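All remarks here apply to the structure that follows.
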Amino acid sequence: MKAAIIYWSKTGNTEKVAASIRQGLEAGGADVVLKRAEQAADVDFYDYDLICVGFPSYQWRPPKPMDQFLTGKFNAYRREGHVKTGAPRVPGKYALIFCTYSGPHTGIDEAIPAGKYAGQFFEHLGISVLDEWYVVGEYHGSVEKSTMGRLGDIQGRPNEEDLQAIQQDASRLPLLIESYTRAPLQEPADKEQ
């Protein structure tokens, strides 16, 4: 299985998650490419079985560099004819969205819209979103927002325990994707007359 991880990180939270996903995917037997969004213009989503895209949530959206990357790729694929009415699924092509967030005001609800938004770029291309992972990350530069927000004290997150869980979850993805791609659709058995 071939996977690409494309991420944008300002403070290191998302970069730590991307590295843990890479370790997990490789432990599960995947060949993995890891690139920052600003270095990933040459990545063809259709060359991979799994595209993992990660970023922090900034006011309920991906940050501008990731938004520009996704929009640019989407527009290029649209010009090539990959965006079709009904968004027919491309067999064997999956995406994983991972989003770090601090949620000082409303918790995970600050991250979910960003993940859903990013997922639509893939769904419109016929690439099935396998999952969305939302990962708590310290709000760097504000002790108040890292300790007194809705999530409580999130200093040091994602921590080693968080990253180990991500790595373990990622290690299962190659087998999961393989089971999806090799299992033929089962037709219902004919009923006896």
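Read-outs throughout are calculated quantities, based only on the coordinates presented, and are distinct from any laboratory measurement. Everything numeric in this text was worked out from a predicted model, so none of it was measured. Neighbour counts are summed over all protein chains in view; Cβ atoms, including those assigned to glycine, are modelled from backbone coordinates with ideal geometry.
Values for this structure:
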quantity: Segment R79-R172, length gained on full extension (0.36 nm per residue, minus Cα span); calculated: 30.0 nm
quantity: Lysine pair count for segment 2-182 [Cα-Cα under 23 Å; pairs on different chains or 8 or more apart]; calculated: 26
quantity: Estimated distance in nm for a label pair at R150 and E38, the labels positioned 7 Å out from Cα along Cα-to-Cβ; calculated: 3.1
quantity: Label-point separation, R182 to E160 (7 Å along Cα→Cβ), nm; calculated: 3.6
quantity: Euclidean distance of C-alpha centroids, segment 38-65 and segment 74-111, integer Å; calculated: 9
quantity: Percent breakdown of C-alpha pair distances by 10 Å bin, ordered from the shortest bin, for the chain; calculated: 9, 35, 33, 15, 5, 2, 0, 0
